[in-house]
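Read through the structure below, which is laid out as structure tokens, and then see the notes.
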Amino acid sequence: MEKKIEPVLEVRALRKRYGNFVAVAGVDLTVARGEIFGLIGHNGAGKTTTVECILGTRRPDGGSVSVLGMDPLRDRKRLFARVGVQFQETRFQEKLRVWEACETASALYERPDDWRGLLGRFGLEGKRRSYVSELSGGERQKLAVVIALIPRPELVFLDELTTGLDPAARRGIWNYLKGLKDDGVSILLTSHYMDEVEYLCDRIAIMREGTIACSGTPEELIKGHGKGNLEDVFLAYMEKEAI
């Protein structure tokens with residue numbers, strides 16, 4: 001019997017404009033439970049606006065969004081109890097210590113994960129008493145991921161999660177995310193590292209000028225475009241946009 005796919009995220013005909021500029025022009029996408037889905041595109045393609053509309057931090061002009069069966073605008077409190085979010089530019093109070101940031105986040109949830117264990121998993125156990133302002137850019141990225149995982153989320157949004165990390169740290173986070181997937185957690189990530197996307201993602205959507213230009217598994221996109229790897233597929237679409 002074919003396994004039934006359970007969607008945790010459904011987006012239909014999503015639209016958003018800023019004045020005369022159309023940022024998102026009718027985006028459709030679905031993410032299944034236990035799937036790692038990559039949303040990629042150059043800066044300005046509409047990825048960030050799409051994610052913001054999905055999370056309800058920005059109100060779309062049209063279309064529909066269902067996250068874990070909830071409306072992100074109407075059910076924001078219930079939604080954020082079940083999802084984790086890491087933004088590329090996560091801002092922390094400069095004079096906040098790492099353990100204080102984790103304790104503050106934990107207090108928001110009924111069943112928070114053990115933040116001490118998460119710090120250890122991401123190589124930050126020695127930074128517990130450090131001020132966030134003392135962390136390197138890569139360490140701040142890892143702390144943002146830890147904060148996103150504290151609520152034991154069913155769906156995690158990760159934005160350029162390995163920017164500023166060395167190759168060993170990147171690989172360690174990749175393996176951790178694969179483990180989350182095996183536990184049934186769904187992940188939507190954006191990244192400019194095509195090797196990361198190709199390694200992690202079950203399916204990918206390439207955005208161009210506010211629309212989904214193509215989507216499929218990495219293997220489908222590489223084979224269908226006659227390329228040797230995902231980066232060549234991505235560059236081909238970016239060249240089309242530049243013409």
What is the Å³ per residue value for the convex hull set by the Cα atoms of segment 90-152?
-> 70 Å³
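Among Leu177, Leu68, rank each residue by its count of other Cβ atoms within 10 Å, from fewest to most, as a rough exposure measure.
Leu68, Leu177
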Least to most buried among Thr217, Thr50, by other C-beta atoms within 10 Å and fewest first, runs Thr217, Thr50
Taking θ as phi - 60°, what are the ³J(HN,Hα) couplings along segment 225-234 by the Karplus curve (6.51, -1.76, 1.60), each to the nearest whole Hz, with x for Gly and Pro?
-> 9, x, 10, x, 7, 5, 4, 5, 5, 4
For the chain: relative contact order, % (alpha-carbon pairs under 8 angstrom, 6 or more apart) | 26 percent
What list do you get for Leu189, Leu161, Leu96 if you sort them by fewest beta carbons within 10 Å?
-> Leu96, Leu189, Leu161
Cα-centre dipole for the chain with unit charges at Cβ (Lys and Arg positive, Asp and Glu negative), debye to 20 = 700 debye
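Per residue, how much space in cubic angstrom lies within the convex hull of the C-alpha atoms of the chain? Don't skip to the answer; put the middle values down first.
Working: hull volume 34.7 nm³, N = 243.
Roughly 143 Å³ of hull volume per residue.
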Expressed as a whole-number percentage, the relative contact order of segment 90-152 with C-alpha contacts under 8 angstrom and at least six residues apart is 50 percent
Taking 0.36 nm per residue of separation and subtracting the Cα-Cα distance, what length does fully extending Glu6 through Leu96 add?
-> 28.4 nm
Name the residues of segment 5-43 whose amide N is less than 16 Å from a point 7 angstrom out from the Cα of His192 along the C-beta direction?
-> 39-43
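Just so you know, all these numbers are worked out from the coordinates, no wet-lab data involved. Computed from a predicted structure; not experimentally measured. Backbone-built Cβ (ideal geometry, glycine too); neighbour counts: all protein chains shown.
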